[in-house]
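Dropping a structure here in structure tokens format, bear with me for questions.
The values are calculated or read from the model by the stated rules, or taken from the named source; none is laboratory data. Keep in mind that this is a model prediction, so the values were computed, not measured. When we count neighbours, we look across all protein chains shown, and the Cβ atoms used for this are built from the backbone with ideal geometry, even at glycine. Keep in mind that these areas ignore ligands, DNA and RNA; they rest on the heavy atoms of the full protein, side chains included. Shrake-Rupley method; radii C 1.70, N 1.55, O 1.52, S 1.80 Å.
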Amino acid sequence: MLMQDVQNSVIGVGDLNQLKWDLNHLQPVDVGEYITNLPTNERAIAFRLLNKAQAIDVFEYLPTEVQEELINSLHDVQVVQLVEAMSPDERAELFDELPAGVIKRLLQELSPEQRQATATILGYPEGTAGRVMTTEYVRLREGLTVGEALSKIRRQDEDKETIYYAYVTDDNRTLVRVVSLRQLLFTFPDVLIRDIASDRVIKVRTETPQEEVAQIMKRYDLIAIPVVDREDRLVGIITIDDVVDILEEEATEDIQKLAGVSGDEAALSPPGVTIRKRLPWLLAIMALYVGAASAIAPFQSVISAVPVLAVIMPIFSNTGGTVGIQALTVTIRGLGVGEVTSKDTMKILRKELFAGVGTAIALCLTMILLSLIWAKPQERWVALVAGTVMASNTIVAVTLGTLLPMGLKRLKLDPALVSGPLVTTMLDTIGFLTFLSLISLALNVLHLPT
């Protein structure tokens, strides 16, 4: 049965028994997507068609807002079963969105072990390793043999999130070594764990920023990384699926900031959410653009005397802003993936300036040509000024697009805070003021009327 066939089913119209069979024989991730795309009033109906095991698996693949919606529509017993079966990190993410009263009730219904695991994760700040880790991992003691270790894994650890790695601790739970499942499987049973486990453990602390965790795992090609507290005691692990979510979240946040959009807006967000997320940025940009408008206002008589300026000025605005955003995007991307650091500021600026000079010459010549085409014979002197200002604005654009995010990174702020609209507005203000000032100066030198 293909997913598109299920999507053609209509709840309440077609054969519910056939739909139930289909949903229970599809992969959980596909069923989660199907339920998410249903109208709100049909999601609970479809979810109730799932058997218990499938429902538990599907629930973790649903967006948080859909999980919250289902919690409000299902019986308490069903809700507790679903929440109990979630991994602690997924459960903590869900609890972030639920009302305090609902969280308190659900925590009381969880087993003591799961309650403690969830409370531990919720105790760490958002955006840190402690908040995205899971407390489900395989822990071994140094004195075990390989045979004893495998027996323990088979007997006790079948529900752990991953068993690609086992983490070796001493009696104080201090992380000392790591061993892979592959090593355990291909080693004789009577060999001690300490003799095959590696003491070169790559780990992160609970307070490590989540984007730094993702960079470390990418750098060392890890599918899981241990998380320790300040005393080096093992408290959890972060797995590759969590890192994929982190990278998507960070990339989405950066893209939205570059476009002047507040975080957490999705393509299918309700219109009210869209307005609430976008309007503050738009009002802020309008306020910023008052600076660019103020740069133009004193030169209204100059624009009246040289009408071709009205044709040329939009090209300044669009081209300069695009050049700045190009440099800004490349720099933020390099910082985001760990390709460069704030220490590389001069190296990147030097590269951008060399590229900027070449770009500036090409744009200068193009601007001169366009100005000559549009200008009246008595206005053709404007072409030289336009080309010169276009070249200088290009150099300013690549400089701002590089230095602003680097400066924010050095100050330990988010480089994406320098959004595209902000850089564009700054460049417009600088470009218009420079261009119109030079035109005004030229009019006075040439004794032309204004």
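Specify whether the C-alpha gyration tensor of region 16-164 places it in the rounded, prolate or oblate class, a ≥ b ≥ c being the square roots of the eigenvalues: rounded for a/c under 1.5, otherwise prolate if a/b is larger than b/c and oblate if not.
It comes out oblate by the Cα gyration axes.
Something else now. Test of understanding: what is the full-extension gain from residue 293 to residue 255, defined as 0.36 nm times their sequence separation minus their Cα-Cα distance?
Taking 0.36 nm per residue and subtracting the Cα distance, the gain is 11.0 nm.
Can you tell me the dipole magnitude for the chain around its Cα centre, using point charges on the Cβ only (Lys, Arg +1; Asp, Glu -1), in Debye to the nearest 20?
1900
Would you kindly calculate the translational diffusion coefficient of region 101-141, applying Stokes-Einstein with the Kirkwood radius from alpha carbon pairs, for 20 °C and a viscosity of 1.002 mPa s, and quote it in µm² s⁻¹ without decimals? Mind showing how you got there, number by number?
Values: Rh = 11.4 Å.
For these conditions, the coefficient is 187 µm²/s.
Can you classify region 233-374 as rounded, prolate or oblate using the Cα gyration tensor, where a ≥ b ≥ c are the square roots of its eigenvalues, rounded means a/c under 1.5, and otherwise it's prolate if a/b beats b/c and oblate if not? Kindly include the intermediate steps, with their values, before the conclusion.
On the way: a/c = 3.10, a/b = 1.61, b/c = 1.93.
Oblate, because a/c is 1.5 or more while a/b does not exceed b/c.
On the full set of protein chains, 1.4 Å probe, figure out the accessible area of residue 181 and give it in Å² to the nearest 10.
Per-residue accessible area (residue 181): approximately 40 Å².
Still on this structure: Roll a 1.4 Å probe over the protein heavy atoms and report the accessible area of residue 227 in Å², nearest 10.
Its heavy atoms expose roughly 0 Å² to the probe.
Rg/Rh for region 84-228 to two decimals, with Rh computed the Kirkwood way over all alpha-carbon pairs.
1.01
If you don't mind, there's one more thing I want to ask. Rounded to the nearest 0.05, what FRET efficiency is calculated for residue 305 and residue 362 with R0 set to 25 Å and r the Cβ-Cβ distance?
0.25
Follow-up question, since we're still on this one. Provide the per-residue ³J(HN,Hα) series for region 203-209, in order, calculated from phi with Karplus coefficients 6.51, -1.76, 1.60 and θ = phi - 60°, each as a whole number of Hz, with x at glycine and proline positions.
9, 10, 9, 4, 8, 5, x
Explain nothing, just the number: dipole magnitude of region 39-185 about its Cα centre with +1 on each Lys and Arg Cβ and -1 on each Asp and Glu Cβ, in debye rounded to the nearest 20.
So the dipole magnitude of region 39-185 works out to roughly 520 debye.
Can you give me the angle between helix 345-374 and the longest principal axis of the chain, using Cα atoms only, in degrees from 0 to 90, rounded to the nearest 10?
That helix lies at roughly 40 degrees to the long axis.
If a paramagnetic tag sat 7 Å from the Cα of residue 170 along the Cα-Cβ line, which residues of region 115-146 would have the backbone N under 20 Å from that point?
Only 139-145 fall inside the zone, counting backbone N under 20 Å.
May I ask for the equivalent-ellipsoid semi-axes of region 62-107, computed as the square root of five times each C-alpha gyration tensor eigenvalue and listed largest first in whole Å?
On the way: eigenvalues 35, 27, 27 Å².
Semi-axes, largest first: 13, 12, 12 Å.
So if I take the centroid of the Cα atoms in region 304-329 and the same for region 44-115, what is the distance between those two points in Å?
53
From the residues 244, 117, 19, which one has its Cα farthest along the dipole of the chain in the positive direction, the dipole being from +1 and -1 charges on Cβ of Lys/Arg and Asp/Glu about the Cα centre?
244
Can you list residues from other chains, or at least 5 along the same chain, whose modelled amide H is less than 5 Å from the amide H of residue 138?
167
Please report the antiparallel percentage of the DSSP beta bridges confined to the chain, to the nearest 5. Can you show the working numbers first?
Values: 15 of 20 bridges.
Roughly 75 percent of the DSSP beta bridges within the chain come out antiparallel.
For region 304-446, what is the Kirkwood hydrodynamic radius in Å, using each pair of distinct C-alpha atoms?
On the way: mean 1/r = 0.0630 Å⁻¹.
The answer is 15.9 Å.
From largest accessible area down, sort 289, 220; use a 1.4 Å probe on the protein chains.
Heavy-atom accessible area, descending, gives 220, 289.
Any idea what the dipole of region 187-319 comes to, in debye rounded to 20, about its Cα centre with Lys/Arg Cβ at +1 and Asp/Glu Cβ at -1?
In total the dipole reaches around 740 debye.
Let me ask another. Between the helical axis of 112-122 and the dominant principal axis of the chain, each derived from Cα atoms, what acute angle in degrees is found, rounded to the nearest 10?
The helix 112-122 is inclined about 10 degrees to the chain.
Go ahead and collect, in residue order, the members of region 218-255 whose backbone nitrogen is under 12 Å from a label point 7 Å along the Cα-Cβ direction of residue 37.
none
At a 1.4 Å probe, what is the % contribution of carbon and sulfur to the accessible area of the chain?
58
Kindly express, to the nearest 10 degrees and within the range 0 to 90, the angle between helix 146-156's C-alpha long axis and the longest C-alpha principal axis of the chain.
The helix 146-156 is inclined about 90 degrees to the chain.
For the full complex of protein chains and a 1.4 angstrom probe, list 316, 299, 354 by accessible area with the highest value first. Provide the component values of the computation, followed by the final result.
On the way: 316 5, 299 30, 354 160 Å².
Greatest to least solvent exposure: 354, 299, 316.
To the nearest 10 square angstrom, what accessible area does residue 192 show with a 1.4 Å probe?
50
So how far apart, in nm, are the two label points at residue 369 and residue 57 if each is 7 Å from Cα heading toward Cβ?
Rounded to a tenth, the inter-label distance reads 6.1 nm.
Which of the pairs 347/409; 104/277; 351/409; 20/52; 52/104 have their Cα atoms more than 21 Å apart in this structure?
The pairs that break the limit, which is 21 Å between Cα atoms, are 104/277; 52/104.
Accessible area, 1.4 Å probe, largest first: how do 303, 373 sort?
Working: 303 40, 373 115 Å².
I get 373, 303, largest accessible area first.
The list (1) 4, 18, 26, 21, 12, 8, 5, 3, 2, 1, 0; (2) 4, 15, 19, 19, 16, 12, 8, 4, 1, 0; (3) 5, 23, 33, 25, 11, 2, 0 gives values of P(r) over Cα pairs in 10 Å bins from 0, in percent, and only one came from this structure; which label was calculated from it?
So the calculated entry is the one marked (2).
For residue 413 paired with residue 126, estimate the spin-label separation in nm (one decimal), with each label point 7 Å from Cα along the Cα-to-Cβ line.
For residue 413 paired with residue 126, the spin-label model returns 2.0 nm.
Still on this model: Taking the simple approach of a point 7 Å from Cα along Cα-to-Cβ for both residue 326 and residue 18, what is their distance in nm?
5.6
While we're on this one: Which far-off residues, 5 or more places away or on another chain, put their amide H under 5 Å from the one on residue 61, with H placed in the peptide plane?
none
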